[in-house]
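Here is the structure we will look at, set down as structure tokens.
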Amino acid sequence: MTLPEAIPLLGFGWDDLLFMGFAALMIVAALAVVLMRDIIRSGLAMIITFIGLAGLYVIAGAPVVAAAQVLVYIGAISVLGLFAIMLTQTKAAPRELVFQTQAVPAAIASLVLALLIGVAVASTDWPASGGLQWTDTTELAMRLFDSFVLPFEVVSVLLLAAVIGGVFLAKRERGGKD
């Protein structure tokens, strides 16, 4: 059994439904990142936001970018950030976020940004038929590891330095000579 091209009663395609689902997931998770008071739960909500973004990359026809999103942002940066928070947080430090006094200016800036994005989306002449374009992964891999190998290795060394720094800070004696 094959699915119809358009969703019955709604009139739009399945890819549009997936886009709306991933976009809603990202909006809810991003709001949870900034509104939650527990920093660990905010970090986990950030991971969910990155998963939604990887889903949007797959829908847009960029599976390699989606895989990089999962490996780099979810697998490395988010987990590294959560480990750094858990390793360096002392029992005397506050477990909840303490910078909630910026909520009103942040809300105003968010509304202005939403208005600007809305104007940009409304004034853009979107093409009538935007088909998916798949990228040859062999060509992309050759360009990444041939032309951009130095920045790739620099980022890996920086991530290694961040991990070593986090372990050093976590293992350091409190109140010692260090």
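The values are calculated or read from the model by the stated rules, or taken from the named source; none is laboratory data. Please read all numbers here as calculations on a predicted model, not as lab measurements. Positions of Cβ are backbone-derived with ideal geometry, glycine not excepted, and every protein chain shown enters the neighbour counts. Accessible surface is based on the protein model in full, side chains and every heavy atom, while ligands, DNA and RNA are left aside. Shrake-Rupley method; radii C 1.70, N 1.55, O 1.52, S 1.80 Å.
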Task: Residues that are in contact with a helix residue (DSSP H, G or I) (Cβ under 9 Å, 6 or more places away or on another chain) and at pLDDT 65 or above, drawn from segment 123-149 - done: W134, T135, T137, L140, A141, L144, F145
Task: Long-range neighbours under 9 Å by Cβ, at least six apart or interchain, first residue in contact (Cβ under 8 Å) with a residue 40 or more places away in the chain and open to solvent by less than 30 Å² (accessible area, probe 1.4 Å) within segment 52-68, second among the hydroxyl-bearing types (S, T, Y) and assigned to a helix (DSSP H, G or I) - done: none
TODO: Evaluate segment 97-120: report whether one residue or more is modelled with pLDDT under 65 and either under 26 Å from Y57 (Cα atoms) or not in a loop (DSSP other than H, G, I, E, B) (or both).
DONE: yes
Open item on the list: Restricting to segment 150-169, and then to whatever is over 20 Å from G75 (Cβ atoms) and surrounded by 10 or more Cβ atoms within 10 Å (Cβ to Cβ), can you tell me which residue is modelled with the lowest pLDDT?
Closed with: L169
Task: Tally of residues being over 15 Å from A76 (Cα atoms) and open to solvent by less than 50 Å² (accessible area, probe 1.4 Å) across segment 25-48 - done: 9
